[in-house]
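Contents: one structure, followed by commentary.
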Amino acid sequence: MLNSSSPWRGQSSQTPLQQLWDHLLLHHRPLVSSPFFPLLLAFSSYVFFSVPFAVMDVVGDRLPYFYQFKIQPSRKPTLKMMCKSFMTALFNHVFFVLPAVVVGAFVLPSPVLPQDAPTLYDVCVDGLASLLLFDTQYYLWHFIHHKNPQLYKWIHAVHHEYMSPFSWSTEQLSVPELMTVGFWSNLDPIVLRCHPLTTWAVTVVSIWMSVEDHIGYDLPWSLSRLVPCGLLGGAAAHDLHHQKPNRNYAPFFSHWDRLFGTEEKLTRKE
């Protein structure tokens, strides 16, 4: 067991987070210290979270309990559409993101993994700050690209190929959009000085939220339903954005759309 050297954390070495962090450092340091680990974590999360909803789309109305929550039941993604979206994401990651990681490994200093784990408070506060910062950045980027016809045509239109989104379409992005999103996702935790464990947690949570936005099902146990006061847009808001592209620009939260008058709510099935 590695010892904590931070005096203000007290007995943090006894917390589950510290035990997890010690285990990662002791048994998986080569993996988690690799510059390729964030890419592996992000893409595997996208695949892992997308597969169950892809199965739901394939099975369709043969699972009536789930299909009743389909937002646009008349529009079902085909296997060809799913394969195209996934292959676009895979191509972009292999031929653009991976080379960028390789270049960064030679240019940027090797990451330093601290001995102490973050506290649960650190993970929650810093993680929320990262999500809010990214939400702000993407809202502005998204708004501008919808208002500028050339930017929309050459950069963002790839993502709007389908009026009814589905899980694999989450990362059907043009290369400039993917690289922009990836740049913010990697830079924001550095700016906010997040612990690596917090950064990885934010990666997984943000990809889950992104996939959930695109699944095309307004499920009663989705985060947007569970979080009170309509603070999250969720699938209902983003599905409506694909139907009405001048509404609901924010990727996760709803406050910017409310403040700037771009929010529109989908009539939900209760």
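Since every read-out is calculated from the coordinates, none of them should be taken as a lab result. As the structure is a computational prediction, the values presented were derived from the model and not from experiment. Virtual Cβ from ideal backbone geometry, glycine too; neighbours counted across all protein chains shown.
Given (1) 17.9, 61; (2) 20.8, 71; (3) 19.6, 60 as candidate values of Rg and Dmax of the Cα atoms in Å, which corresponds to the one derived from the coordinates? Only one listed value fits the structure, namely (3). Taking Cα atoms only, the orientation of helix 37-59 departs from the longest principal axis of the chain by about 30 degrees. Projecting label points 7 angstrom from Cα along Cα→Cβ for Val94 and Tyr121 puts them 4.7 nm apart.
Here's how it looks for Phe253: its modeled amide H is under 5 Å from those of Gly233, which are all 5 or more places away or on a different chain.
With both labels modelled 7 Å from their Cα along Cα-to-Cβ, the Leu79 to Arg62 distance reads 1.2 nm. Each residue, Leu226 and Leu113, gets one label point 7 Å from its Cα in the Cβ direction; the gap between the two is 2.9 nm.
Over the chain, what is the relative contact order in percent, taking alpha-carbon pairs closer than 8 angstrom and at least six residues apart? Numbers along the way, then the final one.
Values: 317 pairs, mean separation 62.0, N = 270.
Once normalised by length, the contact order is 23 percent.
Compared with the dominant Cα axis of the chain, that is its longest principal axis, helix 16-27 is turned about 70°. Note on Tyr152 and Leu26: with the Förster distance fixed at 45 Å, the Cβ-Cβ geometry gives a FRET efficiency of about 0.35.
Extension gain for Met179-Leu132 works out to 15.0 nm (0.36 nm per residue, less the C-alpha to C-alpha distance).
Any chance you could run the full-extension gain for Leu140 through Ser34? It's 0.36 nm times the residue separation minus the Cα-Cα distance, nm to one decimal.
Numbers: separation 106, 0.36 × 106 = 38.16 nm, distance 3.22 nm.
Full extension of this stretch gives 34.9 nm more.
Relative to the longest principal axis of the Cα atoms of the chain, the long axis of helix 175-191 makes an angle of roughly 40 degrees. Of the residues Leu223, Met209, Leu151, the one whose Cα sits farthest toward the positive end of the charge dipole of the chain, with +1 on the Cβ of Lys and Arg and -1 on the Cβ of Asp and Glu, is Leu151.
Distance between the C-alpha centres of region 15-82 and region 198-239: 13 Å, rounded to the whole angstrom.
Highest mobility in the GNM of the chain, judged by mean-square fluctuation with C-alpha springs under 10 Å and restricted to Asn186, Asn148, Asn248, is found for Asn148.
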